[in-house]
Amino acid sequence: MDIVELSRLQFAITALYHFLFVPLTLGLSILLGIMETVYVMSGRAIWRDMVKFWGTLFGINFAMGVATGLTMEFQFGTNWAYYSHYVGDVFGAPLALEGLMAFFLEATFVGLFFFAWDRLSRIQHLIATWALAIATNFSALWILIANGWMQYPVGAHFNVDTMRMEMTDFSAVLFNPVAQAKFVHTVSAGYVTGSVFVLAISAYYLLRGRHRELARRSMTVAASFGLASALSVVVLGDESGYMAGLNQKMKIAAIEAMWNTEPAPASFTVVGLPNLAGRKTEFAVKVPWVLGLIATRSIDTPVPGINQLVDIAATRIKSGLVAYDALLKVRQNPKDMAARATLDAHSADLGYALLLKHFRSDIQNATPADIANAAATTIPNVPVLFWSFRIMVGLGFWFIALFGTAFWLAGWRRLETHRSFLWASLLTLPLPWLAAELGWIVAEYGRQPWVIEDVLPTALGVSSTDAGNVLFSLIGFALFYSTLLAADLYLLQKYIRLGPEETLGRPVSAPSVTHAIGV
Amino acid sequence: MSYELLRLTWWALLGILLIGFAALDGFDLGAMILLPFVARSDIERRVVINTIGPVWEGNQVWFILGGGAIFAAWPMLYAASFSGFYLAMILLLGALILRPVGIKFRSKVDDPNWRRSWDWLLFVSGLVPSLIFGVAIGNLFEGVRFSFDADLRMHSTITLLSLLNPFALVVGLASLAMIALHGACWLNLKATGAVRARVYGIIPAAAIAFAVLFAIAGFWVAQLNGAHLSVPMAHDAPSNPLMKTVALIRGAWLMNFRGEPILWAAPVLAFAGALFAILLRSRPGYAFIGSALVPLGAIGTVGLSLFPFLLPSSSDPNASLTVWDASSSKLTLAIMLGAVAIFLPIVLAYTAWVYRVFKGPVKPENIVSESKSFY
């Protein structure tokens with residue numbers, strides 16, 4: 001493997017590992033806030049014990065999230081040095097703001113959450129818990145603003161004097177519609193994960209007949225919060241699809257395995273067998289109109305197919321070569337104003353010319369065959385996207401059904417009596433993680449060959465370090481992370497089995513009021 | 001604000017973030033370095049860990065924000081230094097990853113082997129970063145081997161072994177002593193009983209070790225080839241590091257001090273801080289302020305000595321990164337400065353409040369009686 005593949009694999013592994021811990025942190029932090037609010041408002045000590053018990057599991061997971069997050073902040077520099085140079089002027093800002101505005105708050109208040117129960121009043125502690133939860137979610141907002149810009153690089157232009165993208169409009173970066181849609185979709189997925197976690201472990205206790213009071217209350221909270229989140233994750237996932245339809249038409253076409261343009265209103269392929277080599281999809285089962293509605297919110301706009309998008313890419317490569325030629329002229333003579341004007345006019349396509357770097361270094365001499373080959377590289381891995389997307393969406397609907405049932409049973413106070421429901425809840429435990437990881441595969445693998453959509457090909461973003469170094473770090477991360485994950489899972493199952501009493505070191509409080517409202 | 005002033009301000013902010021990291025997270029690292037030595041029994045070790053337990057996570061954000069701010073304000077520095085020092089950075093990350101899990105996981109299992117293993121891993125998590133940061137700083141003075149091509153893609157021939165040169169190792173050890181001293185002064189303030197008695201004895205040793213190593217590095221630097229701008233460069237030109245001429249001149253790293261003798265205040269402050277830590281160690285709060293002045297003086301010395309250079313190249317001096325040609329665009333610097341001006345004071349305010357909430361020493365009897373509530 002060369003340095004590009006090694007660096008991509010390392011980024012993929014470390015990012016997917018990191019996202020094993022992030023969604024649970026996002027979801028549980030809000031659930032802890034809800035439970036503690038009930039405690040402070042009702043004065044029932046059992047709710048405080050619930051916060052402490054789920055908080056212990058939250059803490060074990062949080063430590064892993066922080067640990068694996070460190071790598072994410074610095075890996076752009078170590079492994080993606082040219083990327084960091086090329087877009088750091090834009091991409092660095094939300095990362096720094098995440099540290100300044102969100103992670104500082106989160107990391108400072110997490111200490112209060114765990115250690116200040118006796119040092120703060122109940123109201124103060126509640127505020128600390130909510131500050132932790134809000135900061136956690138705010139943190140996700142900044143990261144997704146950064147990621148959204150990779151998908152839809154607005155508010156920036158190419159500066160030939162510094163050979164990089166520079167920010168022109170900060171508010172466009174901040175209010176990037178793709179980032180907004182991704183943010184709500186991602187945090188909702190985190191809420192689903194947190195809710196499934198609480199639901200499944202509570203179901204385990206009820207199946208064993210243990211910790212009934214705590215489990216039943218936890219389940220009720222998880223059922224209502226989970227239902228709202230599961231609905232929102234699907235609705236806002238649809239919004240993400242619409243946003244991707246704005247500028248990432250190839251991603252949509254690949255998810256649909258739609259080789260040729262669908263006339264309006266486009267139909268949606270439910271299942272089929274995408275054939276990458278033959279550029280066709282066999283045994284496709286189609287539902288009319290649905291794709292047109294998702295991708296264009298209309299019934300009169302066609303959705304372009306992969307083959308047509310490749311043709312468009314070829315045109316943009318030719319336009320990009322005009323920009324590249326002008327860039328070389330400016331480099332020769334920085335005062336060549338005509339060349340600067342040409343570069344500006346074609347700079348939106350400069351990234352497409354850079355796709356040719358995969359085939360030759362002197363891209364200004366590219367042949368029509370090179371251009372056709374480079375245009376074909378804009379097709380992502382269709383079968384992987386097709387199936388990842390379908391499994392993710394299927395899981396999304398399953399979560400709605402599960403939480404809908406839980407909500408209904410909780411309303412009739414019959415959560416404990418339906419063992420098949422409890423088993424279904426328990427067995428659902430790993431599924432939100434599967435859905436979340438598949439979601440990232442659709443989003444990021446579906447962005448290939450771009451690291452910044454239409455601007456910078458992934459292969460050009462890497463550092464020019466030794467491939468051996470990256471192989472070393474890749475193996476190191478894989479072994480190190482797996483060991484830590486084993487320790488993490490061991491501790492989680494240990495504390496889940498021990499249950500709240502052993503975790504707290506005393507019996508769980510009776511579900512009666514122990515003190516009046518007020519501080 | 002002019003581009004020149006923005007760049008100068010961001011150079012100062014870079015220093016403030018690094019000093020904030022060393023002064024606040026430094027004592028967390030230092031406490032972990034001392035953990036196996038000043039705390040013998042399990043309960044003593046829990047005392048040490050719980051002195052930093054509620055606050056270390058917030059402190060670590062100085063490091064994360066430092067990384068993010070370098071990315072946003074000095075993208076070329078971020079790209080060149082992190083990829084150039086690749087293996088050193090990976091080791092640093094590995095060590096820092098051990099810390100959150102080590103602190104959280106260690107006391108969650110009642111097995112002596114599990115706990116002892118984590119204690120040593122926590123020691124590594126303190127030792128390795130303290131050394132690597134120092135070694136990296138040392139290499140800035142030695143200069144590192146990198147150049148840029150016309151696309152401004154960096155090419156470097158830095159290896160892990162080339163970073164481990166004698167001068168850099170001296171700076172690494174000075175950094176280690178500085179961090180250990182700060183950790184000792186923290187434990188002197190927050191621990192009790194036998195642990196405190198042991199760190200009390202360590203403070204003079206660590207302070208003297210730092211002072212000696214810092215002085216050696218100072219004399220050594222006068223012998224090194226320092227980067228010097230042959231022709232003054234524009235301070236508001238686009239960030240392109242290929243537009244200047246730089247000469248390597250022996251002793252050039254002291255030119256700023258010769259030009260502005262007031263700058264000697266920075267190294268004097270570092271020595272004074274170490275001296276205060278020794279003399280005032282029976283009054284732990286003051287000694288801690290003393291040991292916090294050490295990174296202020298030491299990192300200040302480094303920055304003032306290198307200015308305007310950020311990352312000098314020894315193989316292609318003209319490609320060195322400076323304050324005037326490695327920054328973000330004017331707009332990005334201005335936006336980020338606005339955010340820092342608003343939010344850093346807020347961060348400092350709630351951080352101060354949290355320290356006040358957790359005021360007072362950590363006592364072993366509390367950990368015994370409420371075992372489940374502590375690390």
Selection from region A:32-80 of residues that are under 19 Å from residue A:493 (Cα atoms), within 13 Å of chain B (Cβ to nearest Cβ) and among the aromatic types (Phe, Trp, Tyr): A:53, A:58, A:62
- prompt: Hey, does region B:114-127 have a residue that's touching a residue at least 40 places away in the same chain (Cβ under 8 Å), in contact with a Lys or Arg (Cβ under 7 Å, 6 or more places away or on another chain) and small (Gly, Ala, Ser)?
  reply: yes
- prompt: Of B:319, B:352, B:292, which residue is touching a residue at least 60 places away in the same chain (Cβ under 8 Å) and under 22 Å from the mean Cα position of the chain (by Cα)?
  reply: B:292
message: I'm checking my understanding of the structure. Among residues of region B:90-104 that are within 7 Å of chain A (Cβ to nearest Cβ) and aliphatic (A, V, I, L, M), which one is nearest to residue A:60 (Cα to Cα)?
response: B:101
field: Those residues of region B:69-79 which are at the interface with chain A (Cβ under 7 Å from one of its Cβ atoms) and more than 16 Å from the chain's Cα centre (by Cα), in sequence order
entry: B:71, B:72, B:75, B:76, B:79
- request: Could you figure out which of (1) surrounded by fewer than 17 Cβ atoms within 10 Å (Cβ to Cβ); (2) over 21 Å from residue B:288 (Cα atoms) isn't true of residue B:353?
  value: (2)
message: I'd like to check something: does region B:141-149 contain any residue that is touching a Leu at 6+ places or on another chain (Cβ under 8 Å), assigned to a helix (DSSP H, G or I) and modelled with pLDDT of 95 or more?
response: yes
- request: Give the residues of region B:316-375 that are farther than 25 Å from residue B:84 by Cα and among the polar types (S, T, N, Q), sorted by residue number.
  value: B:351, B:366, B:369, B:371, B:373
statement: If you go through A:462, A:442, A:455, the only one that is within 28 Å of the chain's Cα centre (by Cα), within 14 Å of chain B (Cβ to nearest Cβ) and surrounded by 18 or more Cβ atoms within 10 Å (Cβ to Cβ) is A:462
field: Only listed residue being farther than 20 Å from residue A:104 by Cβ and out of contact with any Ser or Thr (no Cβ under 8 Å at 6 or more places or on another chain), chosen from B:25, B:110
entry: B:110
- prompt: Before we move on, is residue A:491 within 22 Å of the chain's Cα centre (by Cα) and in contact (Cβ under 8 Å) with a residue 24 or more places away in the chain?
  reply: no
- prompt: Out of all the residues in region A:496-508, which are away from chain B (no Cβ under 11 Å) and either over 38 Å from the mean Cα position of the chain (by Cα) or exposed (fewer than 13 other Cβ atoms within 10 Å of the Cβ) (or both)?
  reply: A:497, A:507
query: Any residue in region B:154-169 that is within 14 Å of chain A (Cβ to nearest Cβ), more than 30 Å from residue B:317 (Cβ to Cβ) and of a type in the set (Ser, Thr, Tyr)?
result: no
field: Pair list, Cβ < 7 Å and 6+ apart or interchain, from region A:119-143 residues that are within 12 Å of residue A:187 (Cα to Cα) to residues that are assigned to a helix (DSSP H, G or I) and β-branched (Val, Ile, Thr)
entry: A:133/A:30; A:136/A:25; A:137/A:187; A:140/A:186; A:140/A:187
- prompt: Here are some residues: A:16, A:97, A:31. Which one is surrounded by fewer than 20 Cβ atoms within 10 Å (Cβ to Cβ) and outside the structural domain of residue A:357 (by TED's automatic domain parsing)?
  reply: A:16
query: Do we find a residue being more than 30 Å from residue B:215 (Cβ to Cβ) and among the acidic types (Asp, Glu) anywhere in region B:136-144?
result: no
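Every residue, every condition in (1) on the phi > 0 side of the Ramachandran plot; (2) under 33 Å from the mean Cα position of the chain (by Cα), yes or no:
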{"site": "A:289", "(1), (2)": "yes, yes"}
{"site": "A:307", "(1), (2)": "no, yes"}
{"site": "A:315", "(1), (2)": "no, yes"}
{"site": "A:325", "(1), (2)": "no, no"}
{"site": "A:337", "(1), (2)": "no, no"}
query: Just checking, how many residues over region B:1-39 are more than 22 Å from residue B:182 (Cβ to Cβ) and charged (D, E, K, R)?
result: 2
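Matching residues to (1) closer than 19 Å to residue A:5 by Cα; (2) touching a Lys or Arg at 6+ places or on another chain (Cβ under 9 Å); (3) part of a strand (DSSP E or B):
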site: A:459; (1), (2), (3): yes, yes, no
site: A:471; (1), (2), (3): yes, no, no
site: A:475; (1), (2), (3): yes, no, no
site: A:484; (1), (2), (3): no, no, no
site: A:489; (1), (2), (3): no, no, no
site: A:494; (1), (2), (3): no, yes, no
site: A:497; (1), (2), (3): no, no, no
- prompt: Out of all the residues in region A:349-366, is one or more acidic (Asp, Glu) and free of Cβ contacts under 8 Å to residues at least 24 places away in the same chain?
  reply: yes
- prompt: For residue A:300, are the conditions met, namely being out of contact with any helix residue (DSSP H, G or I) (no Cβ under 6 Å at 6 or more places or on another chain) and not in a helix (DSSP H, G or I)?
  reply: yes
statement: Okay, helices (runs of 4 or more DSSP H) sitting entirely in region A:81-199 with 1 or more residues that are touching a strand residue (DSSP E or B) at 6+ places or on another chain (Cβ under 9 Å) and within 8 Å of chain B (Cβ to nearest Cβ), I get A:81-97
- request: Please give the helices (runs of 4 or more DSSP H) falling wholly within region B:52-125 in which 3 or more residues are surrounded by fewer than 24 Cβ atoms within 10 Å (Cβ to Cβ).
  value: B:56-73, B:86-105
- prompt: Are there any helices (runs of 4 or more DSSP H) wholly within region B:154-244 with 3 or more residues that are surrounded by 21 or more Cβ atoms within 10 Å (Cβ to Cβ), and if so which?
  reply: B:166-190, B:193-221
task: Taking residue A:347 as the residue in question, decide whether it is polar (S, T, N, Q), within 26 Å of the chain's Cα centre (by Cα) and part of a helix (DSSP H, G or I).
output: no
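What helices (runs of 4 or more DSSP H) completely inside region B:263-375 contain at least 2 residues that are within 14 Å of another protein chain (Cβ to nearest Cβ)? Please lay out each step first, then the result.
Working: elements: B:265-279, B:284-306, B:330-357, B:364-369.
The qualifying helices (runs of 4 or more DSSP H) are B:330-357, B:364-369.
The values are calculated or read from the model by the stated rules, or taken from the named source; none is laboratory data. Given the structure is predicted, the values throughout are model-derived calculations rather than measurements. Reconstructed Cβ throughout: ideal geometry from the backbone, glycine too, with neighbour counts over all protein chains shown.
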